[in-house]
Amino acid sequence: MKPSLMRRYIAALCLWLCHNMAFAQPADTVFTYQGRLETEATMGAPLTPANGAFDFIFRLFSNESGSNSVGSPTQLNDITVNNGVFTVPLDFGSDILSGGPLWLGISVRDANDNGAFTPLTPNQKITSTPYAVHAEFVPMNSIGNIEVNANQVQLRVSESCTLGFYMTAINQDGSINCMPVANNTDEQTLSLNGSQLAISNGNSVDLSGVSNDNDATNEHNINLALNNETLELTDGGGTLQADLSSIPNSANEILTKLGTVDGPGSQLNADLLDGMQASDILASIPAGVEFTAIDSLPFTIAQPGYYIATQNLVLENNGSAGISIVANDVVIDLAGYSITRSAGVTTPSAIRHNTSNNITIMNGAIHGWSNGIHATSSNYARFINLKIYNNSNTGIRASHASIFKDVVVYNNDAGIFMRNDNTLINVIARDNTTYGIQGLARNSIYSTTATENGEDGLSLNDDNLVQGGNYSKNGRYGLTHYNGGRIRGVTANENGSNGIYVQYRNQVVNSVANNNGTDASLSDILRSGINARSDNKIDNNYVADNEGHGMIISGFYNVVDNNYANDNNQIGITAIVQDNLFIRNRASANAVSNFSFSLSAHGPIVDVDITGSLENVTNADHPLANLEF
């Protein structure tokens with residue numbers, strides 16, 4: 001809108017005021033103003049409610065004509081007027097709203113015009129709300145006479161007590177009561193007569209019950225020591241001795257006693273517990289749980305319950321296992337300690353439970369055995385927060401429906417072997433001589449790492465789920481799955497053979513397989529990023545810089561869709577047999593060729609010059625085209 005037209009438009013504004021002012025709180029100076037704004041399109045035309053954004057300036061005057069301004073004006077911009085109505089908050093401060101009559105002056109302009117404001121007439125008188133009327137017209141000196149209940153209000157205190165007196169009460173009328181201070185000089189004496197402590201003109205205290213105290217149980221602890229089978233507690237009152245030889249061969253009661261005295265000031269000798277305080281051990285046990293200590297090997301668990309290690313455990317002589325479990329429903333808490341065996345001991349397993357179910361093993365390290373944990377016939381086990389290393393056979397051998405969480409297996413001959421229906425979460429299998437992890441059917445594997453193992457990182461049979469994880473730098477396959485697997489979002493780089501190798505009816509999605517085929521003795525087929533046999537769905541994967549092919553389809557009836565292969569040493573994406581389908585794939589800069597779809601169905605293969613335009617390239621916009629560039 002042109003400025004000249006805007007001025008005529010603003011000049012034609014008029015105001016119909018319907019205002020409502022109220023204070024939000026007695027101490028708040030903000031009030032709300034609501035008005036109505038109407039316009040006339042041309043001079044003399046009928047009034048219509050205004051709509052749109054407008055700028056306003058609000059001023060206060062002490063007279064209706066507006067000749068005597070009060071305070072500073074308030075400008076509010078871009079105020080929305082809807083069907084003529086606008087509402088704004090106003091705040092002119094507390095000094096201005098002192099009770100005298102005031103008028104509100106308003107000027108307005110269109111918010112889209114930076115021109116002058118147009119004053120609206122007449123100025124509006126600010127009226128009062130009922131509470132404001134009350135506050136304005138309370139008369140001077142009326143608080144004590146009219147408004148206040150004298151039985152509820154304390155008047156100002158105007159008196160004080162003279163020297164030698166102290167205040168005992170304050171009356172409602174502000175007066176005070178004083179009393180003289182008796183014996184206000186320091187004339188009391190303290191004396192000890194035998195066991196009696198006496199105060200002159202006062203009471204006496206019998207100290208015979210606390211004198212010559214030799215009871216070490218009520219003094220500050222300064223030393224705790226174990227002298228053979230005698231526990232000695234020394235404090236300011238002497239030494240308390242406790243004979244431990246009569247306690248049954250279960251360290252439960254001993255640990256309970258240690259936990260009682262272990263605290264600030266006890267100076268518990270840490271060597272007694274190999275660097276740990278008794279409270280560290282007890283804190284790991286759920287509240288209210290009765291536990292049995294494991295303090296030596298071999299140890300047999302024949303009853304359900306909670307078992308806890310109290311020190312590093314070493315098997316000195318041969319037995320069936322370091323810890324043998326022949327009961328169901330057992331928890332073994334290693335409490336941060338380790339289990340190992342002495343040189344020359346040939347016992348094969350640190351912990352063995354072949355037919356026991358619902359076993360939990362947690363919080364410790366197992367090393368130097370043939371098998372760390374041997375549980376190939378037990379179901380529903382839980383392996384939590386464990387380090388299994390330097391075992392000559394397998395770190396963990398598990399059966400069915402077990403859970404592995406926060407477990408690390410390394411420097412074993414094999415890391416983990418499991419049968420069916422197990423779940424792995426955040427497991428690491430590294431530097432094992434043969435495979436990192438091997439499983440049979442229906443296992444679920446999440447966020448797991450299997451790297452730098454001598455053979456396969458992860459090897460699975462039927463119907464397993466692999467979600468995320470890293471399977472790189474293994475001697476043979478990074479990840480291999482036989483039948484019906486779902487492999488999603490994994491990384492398999494720098495393996496000796498194929499990064500990912502799947503055989504029948506598998507799905508490989510959103511995964512990366514780069515720089516594989518580091519074993520120069522293998523054929524190009526076995527040095528590729530992804531190798532798939534038959535009936536697989538290979539979708540949205542990235543294969544690059546592999547020594548063989550980027551992706552090779554070595555069987556029938558595969559669907560290969562939306563993959564990208566570049567800079568591979570042989571063919572980007574290739575099929576060596578017939579009856580496969582290739583659509584929407586991309587390949588670039590592969591050494592031999594980008595695509596080779598021998599006797600297989602495929603979308604158009606479009607050779608795209610990426611420096612030119614796609615408009616004149618035949619089939620470049622085909623929805624199933626395979627693009628090479």
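Output the residues belonging to the range 50-80 that are part of a loop (DSSP other than H, G, I, E, B), touching a residue at least 12 places away in the same chain (Cβ under 8 Å) and on the phi < 0 side of the Ramachandran plot. I'd like the intermediate steps shown before the answer.
Taking the range 50-80 first, the residues part of a loop (DSSP other than H, G, I, E, B) are 50-51, 62-68.
Retained after the next criterion (residues that are touching a residue at least 12 places away in the same chain (Cβ under 8 Å)): 50-51, 62-66.
Hits for the range 50-80 are Ala50, Asn51, Ser62, Asn63, Glu64, Ser65.
Answer yes or no as to whether Phe54 is among the aromatic types (Phe, Trp, Tyr) and under 11 Å from Leu104 (Cβ atoms).
Details: among the aromatic types (Phe, Trp, Tyr): yes; under 11 Å from Leu104 (Cβ atoms): no.
The answer is no for Phe54.
If only one of Asn393, Asn363, Asn411, Asn379 is surrounded by fewer than 21 Cβ atoms within 10 Å (Cβ to Cβ) and touching a residue at least 60 places away in the same chain (Cβ under 8 Å), which one is it?
Numbers: Asn393 fails: touching a residue at least 60 places away in the same chain (Cβ under 8 Å); Asn411 fails: touching a residue at least 60 places away in the same chain (Cβ under 8 Å); Asn379 fails: touching a residue at least 60 places away in the same chain (Cβ under 8 Å).
Going through Asn393, Asn363, Asn411, Asn379 in turn, the sole match is Asn363.
How many residues does the range 329-370 contain that are farther than 18 Å from Tyr410 by Cα, in contact with a Lys or Arg (Cβ under 7 Å, 6 or more places away or on another chain) and either in a loop (DSSP other than H, G, I, E, B) or of a type in the set (Asp, Glu) (or both)?
1
For the subset of the range 309-339 comprising residues that are surrounded by 19 or more Cβ atoms within 10 Å (Cβ to Cβ) and among the β-branched types (Val, Ile, Thr), which member is modelled with the lowest pLDDT?
Per the criteria, the residue is Thr310.
Please identify the pairs in which a residue from the range 567-585 that is on the phi > 0 side of the Ramachandran plot and at pLDDT 95 or above has its Cβ atom under 7 Å from the Cβ atom of a residue that is polar (S, T, N, Q) and not in a strand (DSSP E or B), counting only partners at least 6 apart or on another chain.
Pairs found: Asp567/Asn590; Arg584/Asn562.
For (1) assigned by TED's automatic domain parsing to the domain that holds Arg476; (2) outside any strand (DSSP E or B); (3) closer than 15 Å to Ile500 by Cβ; (4) touching a Leu at 6+ places or on another chain (Cβ under 6 Å), each residue gets a yes or a no:
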position	(1), (2), (3), (4)
Val543	yes, no, yes, no
Gly548	yes, yes, yes, no
Ile552	yes, no, yes, no
Ala565	yes, no, yes, no
Asn568	yes, yes, yes, no
Gly572	yes, no, no, no
Gln578	yes, yes, no, yes
Asn590	yes, yes, no, no
Asn594	yes, no, no, no
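Test of understanding: among Asn515, Asn493, which residue is within 34 Å of the chain's Cα centre (by Cα) and over 23 Å from Leu440 (Cα atoms)?
From the options Asn515, Asn493, the qualifying one is Asn493.
Condition first: farther than 21 Å from Thr394 by Cβ and either at pLDDT below 95 or among the small types (Gly, Ala, Ser) (or both). Now tell me which residues in the range 344-364 satisfy that.
Within the range 344-364, Gly344 is the sole residue that qualifies.
Kindly indicate whether any position in the range 597-616 is in a loop (DSSP other than H, G, I, E, B), in the same structural domain as Gly468 (by TED's automatic domain parsing) and at pLDDT 95 or above. Lay out the reasoning, then the answer.
Within the range 597-616, the first condition is being in a loop (DSSP other than H, G, I, E, B), and the residues that meet it are 598-600, 603-604, 608-616.
With the extra rule that they be in the same structural domain as Gly468 (by TED's automatic domain parsing), the set shrinks to 598-600, 603-604, 608-616.
The next check asks that each one be at pLDDT 95 or above; those that pass are none.
No, the conditions are met nowhere in the range 597-616.
Return the total of residues in the range 500-538 being of a type in the set (Val, Ile, Thr) and buried (at least 20 other Cβ atoms within 10 Å of the Cβ). Reasoning before the result, please.
Taking the range 500-538 and keeping what is of a type in the set (Val, Ile, Thr), we get 500, 502, 508-509, 512, 518, 525, 530, 538.
Applying the additional criterion that residues be buried (at least 20 other Cβ atoms within 10 Å of the Cβ) yields 500, 502, 508, 530, 538.
Here the count works out to 5.
Quick grid of which residues meet (1) more than 18 Å from Thr518 (Cβ to Cβ); (2) surrounded by fewer than 20 Cβ atoms within 10 Å (Cβ to Cβ); (3) touching a His at 6+ places or on another chain (Cβ under 6 Å):
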| position | (1), (2), (3) |
| --- | --- |
| Tyr435 | no, no, no |
| Ile445 | yes, no, no |
| Leu465 | yes, yes, no |
| Gly468 | yes, yes, no |
| Asn474 | no, no, no |
| Tyr482 | yes, no, no |
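Return only the number of the condition from (1) more than 25 Å from Leu47 (Cβ to Cβ); (2) in contact with a Lys or Arg (Cβ under 8 Å, 6 or more places away or on another chain) that Phe61 does not satisfy.
(2)
The values are calculated or read from the model by the stated rules, or taken from the named source; none is laboratory data. Owing to the predicted nature of the structure, the values given are computational and were not obtained by experimental measurement. With ideal geometry, Cβ positions are generated from the backbone for all residues, glycine too; neighbour counts draw on all protein chains shown.
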